[in-house]
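Some notes on the structure that comes next.
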Amino acid sequence: MARTSSGWKRSATSNTAADAGAVERVAAAPHRAVAWIALAWTAYPRAHPSGASASQGAPVCPGLRSAQAHIAIVLACRRSQSGLRRMAKQLKAACVIGWPVEHSRSPLIHNHWIAELGLNAAYRREPVPPERFPDFVRHLAAHGYVGANVTLPHKEMALRLSEADERAQAIGAANTLWLDDGVLRGTNTDVEGFLANLDAAAPGWDRALDTALVIGAGGAARAVVFALIERDIERIRVVNRNFERAAALRGQFGESVDPRRFEEADALLTDAGLVVNATTLGMTGQPPLELALDRLPHTAVVADIVYSPLETALIEAARRRGLRTVDGLGMLLHQAVGGFARWFGVRPQVTEGLRALVEADLIRP
C-alpha cells in the first residue's frame, strides 16, 4: 500500500501471502485477548488520511490488501471466539465446600496440579452454610462442578447424601464427592492419604509390624484404624480420654482393635512399632501431646496428622531420639490425589515442589 497526494491506494503488487498469513494467525489465536485484539483491528474501520471510506476503494485496515482478506479475518475471529466458547463449556471445575472455607489450602494444591498438567480445569472455594449444603450438592452439576471436596461441618451430611463407598461408610464421613453418570458418589481419601504418606516418608514401615498405637478415637482416628486394618496390622491399640469412644471402635472394626485408657499410653509404647497422633493435640493453639518416647523400640515410626505447625512437639521429640517420623503435611497432600484423579482423569504426583509451595503458605504471616 502506498501513500499518494490524494490519500491511500492499493499497491500494484498485492501481497496475498501477507493476507493469508494474517488470516491464519487470527484463526489460530489461542488466547482470548489475541482474538479480541484481532476483532477490534478488523471489525472497526480506521480513519484514513484522506477521509475516504471503504466504499470509495480505500482498504478497511492498513496492512490488509484486499476486501476478501478483511472478510476472512472477521470470519476467523468469529471462529476463534466460537472455539473459546466451546473451550469454556468443556472446562471441568471442582471445589471445596465448607463453612467457613477461606482457610482451606485445597485450592492451592489442586490449582498447582492443574497448571502443572496444563488442564482446562479450575478449582474454587464454595462457602456454603449447613442449611444450604444438601441443595448445593444435589445440584452440583448445575453449579458447574464435576465434583467437590467437603470439609467441616459437612462431612457427615455428605456421607448421607451420596452413594458412599466402604471407606466412607466405615469412617462415618465423606470428604470427596464426584458425579458418575449423574450419580453422586462419595469416599474418604484420608485413608489413602495416610497410607501413601507413610509409604513415602517411612518406606517399609509396615514390614513385620504387628502392634500400632493410635492416640484418639474421632473421625481421623477411624480413618487411621481403617487404614491399618487394610495393611493387616494384627493389633491396633487405641487410647482415648473417653474410653467408651475407643471401645466403640472395637465394636465397629473388630477384634484387632484393643481399646485402652489414655493414662495407659506410656506403658503401651514398649512394643509399639508405630505411634500415630490422630488428635488435635500439638496443633497451633493446642497443648502438646507428651509421650515417654524413650520407651519406644529404636525401629519405631512416629506419625502425626497435625500439619500446623509443620513440626509438632511430638515429631521434634521423636527426631531428637533418632526415630523415623512422618508429619501431617504429607497426608494433606496425598489425600488430595484421589479426588483430583476422579474429577479430571489424571493422577497427579506429590512432589517436593508442591510441598515447598504449601510449606511457604503455612509459615506465611
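Nothing in this text is a laboratory measurement; each read-out follows from the coordinates by a stated rule. In this text, all values refer to a predicted model and were calculated from it rather than measured experimentally. Glycine also receives a Cβ, built like all others from the backbone with ideal geometry; neighbour counts cover every protein chain displayed.
Per-structure values
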read-out	value
The range 86-214: Rg to Rh, with Rh as the Kirkwood radius over Cα pairs	1.03
For ALA93, distant residues with modelled amide H under 5 Å away	ALA122, VAL146
The range 162-302, relative contact order [Cα under 8 Å, separation at least 6], %	21
As computed over the range 316-357, the Cα convex hull volume per residue (Å³)	81
For VAL326, residues with placed amide H under 5 Å, excluding near neighbours	VAL302, ALA303, ASP304
Rounded Å value of the spacing that divides the Cα centres of the range 302-342 and the range 84-161	25
Karplus 3J(HN,Hα) series, Hz, for the range 115-130 with 6.51 cos²θ - 1.76 cosθ + 1.60 (x for Gly, Pro)	5, 4, 8, x, 8, 8, 8, 8, 9, 10, 8, 10, x, 10, x, x
Base-10 log of normalised Debye intensity for the range 167-209 (one unit scatterer per alpha-carbon) at q = 0.24 Å⁻¹	-0.81
Rough spin-label spacing in nm, given labels placed 7 Å along Cα→Cβ, for ASP271 and LEU152	3.6
Inter-site label distance for ARG319 and LEU108 at 7 Å from Cα along Cβ, in nm	1.8
Label-reachable residues, the range 124-154, where backbone N falls under 18 Å from a point 7 Å from GLU163's Cα toward its Cβ	137-142, 146-148
Relative packing of 157-170, 187-200, which averages over residues the other C-beta atoms within 10 Å, highest first	187-200, 157-170
Fully extended contour minus Cα-Cα distance, from VAL346 to ASP180, at 0.36 nm per residue	58.2 nm
Alpha-carbon centroid distance for the pair the range 264-282 / the range 214-246, whole angstrom	11
Ascending count of other beta-carbon atoms within 10 Å, so fewest first, for VAL275, VAL224, VAL346	VAL346, VAL275, VAL224
Debye log10 I(q)/I(0) for the range 181-277, one point scatterer per Cα, at q = 0.11, 0.15 Å⁻¹	-0.32, -0.57
